[in-house]
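The structure appears right after this line, and notes come after that.
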Amino acid sequence: MFIRGVFLKWGRIMRKKYLALLLSVIMCSSVFFTGCGRTADEPVIEEDEDEDDDEDDDRDDDEDDEDEKNAYVESIDEDTLADQIKVFVKNKKIWTVSGEMTIELDNAGYCVTDLDHNGRSEIIVMTESAYSSVTDMRIYEITEKGDAFTEAGFDYTGIQNVTSSLPPDLINFPESVAYFNRDKQASHYLIDNIFDNGNGEYGDCYCDLCYEEGVAAVYTYLSVRINQIPIPGTMEFDDEYAFYSPDGEIDEDEYYDIVGTYPGEYGTKEQYFGIYYRSSYDDLSVMNLDDSFLVSVLTDSYRVFTGEIDYSGFNDSYNDSPATGQSYGADNSDYIGFWGLCESEVEGDVTNYEIGSDYYSTLEIDYDAFITKIEYYDGKASYVWSTVLYTDDDLNPYFEITDSTILPDGVVCERYTITGINSDKDIMYVSLDLYGYDGILGGSNLTYLKDYT
């Protein structure tokens, strides 16, 4: 029996993509496919040998038509898949995420599947908000004629009082779990929806997704909600847990019973989705990718779904390095080292900083373009932020801070762009832009000295 569990605590400032790793522990011991190529629960259809009666013949023809309609396609053949991928690529402008959404979105993901195993592939497009826990999902399926695709609808059932009317966080769960309902001839995928409602309230919804006839049915069968209650006179919190099923609030023992037994008698299998990730630091869309490269990505993505290609190999090939024709840009070797803030300028007003003074900050940039920013207040480090140094369209290195717990009120993003360095390479100039929900709020010019730490 497949068992899923959750770790119920994480730091308030952890980003959602890391929460996904903490909240879901996947173990699988069942097998979904048999060696003969059918699903383990797929029924064997026996032929009717009585062909003497016309009425029986008509019934047999109807049953054959129904069997053909509901035929389970384990893997789309190579030629058919190639034709379907061409349709997606030719019409990529319809389904791709706009590259203009880099401020609103942190990440986008694309994968090809055949969720209902009807021989008509889907492309799933996923996005993740840069400033909240919300993710989104759109599904486009090839039509029966095979020359176009349609967008799927969503239907939400189950728990209604805990963030259940949102699609599962597939973008954060490329390694998931599936089972096959023999009676209804339907495939199901268990994918969590991690949420953060702000004000210390967060949790996890357990979702069962079944895609049939152009509709993605999302059934939320379990949820845990955690409230962080401030402890008076301290900077610490107590965690208050609440557990829910579709019947209402349940106790902790019932919660773990459901975690350990869902989906009952159905055997489960590991299910991998070949998600091709596009971060806001690159280009969220795929419009600028070479078509031949995109064909390769989408084809291999489907092969991850069917198990023909190992997920880790796909991930290493497409996500651990810039895509063909794309680049993180400039050589950042000039900026490697320790830097301390010595001056800031806002509309002509200049402020000087001494080591450790209020709002003094340091930047550490290593050889892998990994950057750590530390800001000081009352002589102590008030926060630490680590990320990767990327390159904008003008080949200027930059990084962003998006954690609402450490940003000023009304600010959703601080973007630091390195605009230059002196000839001795010991003075670095940085432009700071502040963004709100409606766009840029203002900014300042910062000067950092090397080894001023």
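The values are calculated or read from the model by the stated rules, or taken from the named source; none is laboratory data. No experiment lies behind these values; they were computed from the predicted model shown. All Cβ positions, even for glycine, are placed from backbone atoms using ideal geometry, and neighbour counts span all protein chains on display. Ligands, DNA and RNA are stripped out before the accessible areas are found, and what is left, the full protein with its side chains, is counted by its heavy atoms. Shrake-Rupley method; radii C 1.70, N 1.55, O 1.52, S 1.80 Å.
For region 357-395, enumerate the residues that are in contact (Cβ under 8 Å) with a residue 60 or more places away in the chain, hydrophobic (A, V, I, L, M, F, W, C) and not in a loop (DSSP other than H, G, I, E, B).
Within region 357-395, Leu363, Val388 meet the criteria.
Residues checked against (1) β-branched (Val, Ile, Thr); (2) in a loop (DSSP other than H, G, I, E, B); (3) over 28 Å from Asp393 (Cα atoms); (4) touching a helix residue (DSSP H, G or I) at 6+ places or on another chain (Cβ under 6 Å):
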position: Ala108; (1), (2), (3), (4): no, no, no, no
position: His117; (1), (2), (3), (4): no, yes, yes, no
position: Val125; (1), (2), (3), (4): yes, no, no, yes
position: Glu128; (1), (2), (3), (4): no, no, no, yes
position: Ile139; (1), (2), (3), (4): yes, no, yes, no
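Being closer than 16 Å to Val430 by Cα and exposed (fewer than 12 other Cβ atoms within 10 Å of the Cβ) is the filter here, so list the residues in region 350-391 that pass it.
Val350, Asn352
Kindly indicate whether Glu201 is among the acidic types (Asp, Glu), open to solvent by 20 Å² or more (accessible area, probe 1.4 Å), closer than 29 Å to Asp310 by Cα and touching a strand residue (DSSP E or B) at 6+ places or on another chain (Cβ under 8 Å).
Numbers: among the acidic types (Asp, Glu): yes; open to solvent by 20 Å² or more (accessible area, probe 1.4 Å): yes; closer than 29 Å to Asp310 by Cα: no; touching a strand residue (DSSP E or B) at 6+ places or on another chain (Cβ under 8 Å): yes.
The answer is no for Glu201.
Could you tell me which of the residues Tyr179, Tyr110 is among the aromatic types (Phe, Trp, Tyr) and farther than 29 Å from Glu265 by Cα?
Working: Tyr179 fails: farther than 29 Å from Glu265 by Cα.
Just a single option satisfies the conditions, and that option is Tyr110.
Being among the β-branched types (Val, Ile, Thr), over 30 Å from Thr391 (Cα atoms) and either out of contact with any strand residue (DSSP E or B) (no Cβ under 7 Å at 6 or more places or on another chain) or at pLDDT below 90 (or both) narrows it down to one residue among Ile229, Ile250; which is it? Let's see the steps before the verdict.
Numbers: Ile250 fails: either out of contact with any strand residue (DSSP E or B) (no Cβ under 7 Å at 6 or more places or on another chain) or at pLDDT below 90 (or both).
The unique qualifying residue is Ile229.
From the list Lys92, Lys86, which one is charged (D, E, K, R) and open to solvent by less than 30 Å² (accessible area, probe 1.4 Å)? Show your work before the answer.
Numbers: Lys86 fails: open to solvent by less than 30 Å² (accessible area, probe 1.4 Å).
Being charged (D, E, K, R) and open to solvent by less than 30 Å² (accessible area, probe 1.4 Å) holds for just one of Lys92, Lys86, which is Lys92.
Looking only at region 340-356, which residues are of a type in the set (D, E, K, R), in a strand (DSSP E or B) and under 19 Å from Tyr452 (Cβ atoms)? Lay out the reasoning, then the answer.
Here is the first cut: in region 340-356, the residues of a type in the set (D, E, K, R) are 343, 345, 347, 349, 354.
Now narrow it down to the ones that are in a strand (DSSP E or B): 343, 345, 349.
Glu343, Glu345 - these are the residues of region 340-356 that are of a type in the set (D, E, K, R), in a strand (DSSP E or B) and under 19 Å from Tyr452 (Cβ atoms).
Can Asp291 be described as acidic (Asp, Glu), more than 30 Å from Leu389 (Cα to Cα) and surrounded by fewer than 19 Cβ atoms within 10 Å (Cβ to Cβ)? Give the derivation first.
Numbers: acidic (Asp, Glu): yes; more than 30 Å from Leu389 (Cα to Cα): no; surrounded by fewer than 19 Cβ atoms within 10 Å (Cβ to Cβ): yes.
For Asp291, the condition - acidic (Asp, Glu), more than 30 Å from Leu389 (Cα to Cα) and surrounded by fewer than 19 Cβ atoms within 10 Å (Cβ to Cβ) - is not met.
Those residues that are modelled with pLDDT of 90 or more, at negative phi and among the small types (Gly, Ala, Ser), I need them from region 421-442; list them, please.
Across region 421-442, the qualifying residues are Ser423, Ser431.
Scan region 412-432 residue by residue and report those that are of a type in the set (Lys, Arg) and surrounded by 15 or more Cβ atoms within 10 Å (Cβ to Cβ). Let's see the steps before the verdict.
Looking only at region 412-432, we keep the residues that are of a type in the set (Lys, Arg), and these are 415, 425.
Once the filter is applied, which keeps residues that are of a type in the set (Lys, Arg) and surrounded by 15 or more Cβ atoms within 10 Å (Cβ to Cβ), region 412-432 yields only Arg415.
Go through Glu240, Glu270 for me and flag whichever is surrounded by fewer than 20 Cβ atoms within 10 Å (Cβ to Cβ) and touching a Phe, Trp or Tyr at 6+ places or on another chain (Cβ under 9 Å).
Values: Glu240 fails: touching a Phe, Trp or Tyr at 6+ places or on another chain (Cβ under 9 Å).
Selected residue: Glu270, the only one of Glu240, Glu270 that is surrounded by fewer than 20 Cβ atoms within 10 Å (Cβ to Cβ) and touching a Phe, Trp or Tyr at 6+ places or on another chain (Cβ under 9 Å).
In region 273-288, what residues are touching an Asp or Glu at 6+ places or on another chain (Cβ under 8 Å) and either open to solvent by 50 Å² or more (accessible area, probe 1.4 Å) or at pLDDT below 95 (or both)?
Listed by number, the residues that qualify are Ser279, Ser280.
Select from region 301-324 the residues that are open to solvent by 80 Å² or more (accessible area, probe 1.4 Å) and either within 25 Å of Ile421 (Cβ to Cβ) or at pLDDT below 85 (or both) and list them in ascending order.
Residues satisfying the conditions are Asp320, Thr324.
Quickly run through region 143-190 and pick out the residues that are over 20 Å from the mean Cα position of the chain (by Cα), crowded, with 16+ Cβ neighbours inside 10 Å and in a strand (DSSP E or B).
Listed by number, the residues that qualify are Phe149, Gly158, Tyr179, Phe180, Ala186, Ser187.
Which pairs have Cβ atoms under 8 Å, sit 6 or more apart or on different chains, and link a residue in region 409-425 that is of a type in the set (Asp, Glu) to one that is assigned to a strand (DSSP E or B)?
Cβ pairs passing all conditions: Glu414/Glu400; Glu414/Ile401; Glu414/Leu432; Glu414/Asp433; Glu414/Leu434; Glu414/Tyr435.
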